[in-house]
1. Taking only pairs that are 8 or more places apart or on different chains, how many Lys pairs in the chain have Cα atoms under 21 angstrom apart?
2. Can you tell me the relative contact order of the chain? Whole percent, Cα pairs under 8 Å, sequence separation 6 or more.
3. Grab the other residues whose beta carbon is less than 13 angstrom from that of Arg23, score K and R as +1, D and E as -1, and report the net.
4. Where does the charge balance sit around Asn87 when Lys and Arg score +1, Asp and Glu -1, over other residues with C-beta under 10 Å from its C-beta?
5. Taking a spot 7 Å from the Cα of Arg80 along the direction of its beta carbon, which residues of region 13-36 have an amide N less than 14 Å from it?
6. Compute the signed sum of charges (Lys and Arg +1, Asp and Glu -1) over the other residues within less than 11 Å, Cβ to Cβ, of Phe51.
7. Take each of the peptides 26-32, 81-87, average the number of other beta-carbon atoms within 10 Å over its residues, and list them starting from the highest.
8. If you take percent of Cα pairs over 17 Å apart from the coordinates, which of (1) 49; (2) 55; (3) 61 do you get?
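What follows draws every value from the coordinates through simple rules; no lab data is involved. Remember, predicted model here, so these are calculated numbers, not experimental data. Reconstructed Cβ throughout: ideal geometry from the backbone, glycine too, with neighbour counts over all protein chains shown.
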Amino acid sequence: MVRKGRDFAGLEAKMPELIKEMREDIRSKPFTREIIALSNAVTYNPGSIPFFYYYHEDHDELLAKLQICEHYSAIYDVRRNQVPRWNLTEDFAEYLLGM
């Protein structure tokens, strides 16, 4: 069975500031898909995989917002250690890029 994906405009209406930052980030690095949630008091070096980072201090209830992004199938969990980490789905990346 094929199901229609969620409308990302509804997701953007729920958290416009976070989606705006994601859009700006992906437009600056259109092949990057990984995102990490951090405190701005933390320094993190993940290695050679490029990523975008979002700070808890910049976005109220950041982890809850990212969980809603998962519910919309905009992102999926790719955690490899204790750092919360997701990849953007290609559908969501294309939405952010305006494709």
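1. Taking the Cα cut-off of 21 Å, the pair count is 4.
2. 32 percent
3. -3
4. Local charge sum for Asn87: -1.
5. 33-36
6. Counting the neighbours of Phe51, the net charge comes to +1.
7. Packing order, densest peptide first, comes out as 81-87, 26-32.
8. Of the labelled values, this structure produces (1).
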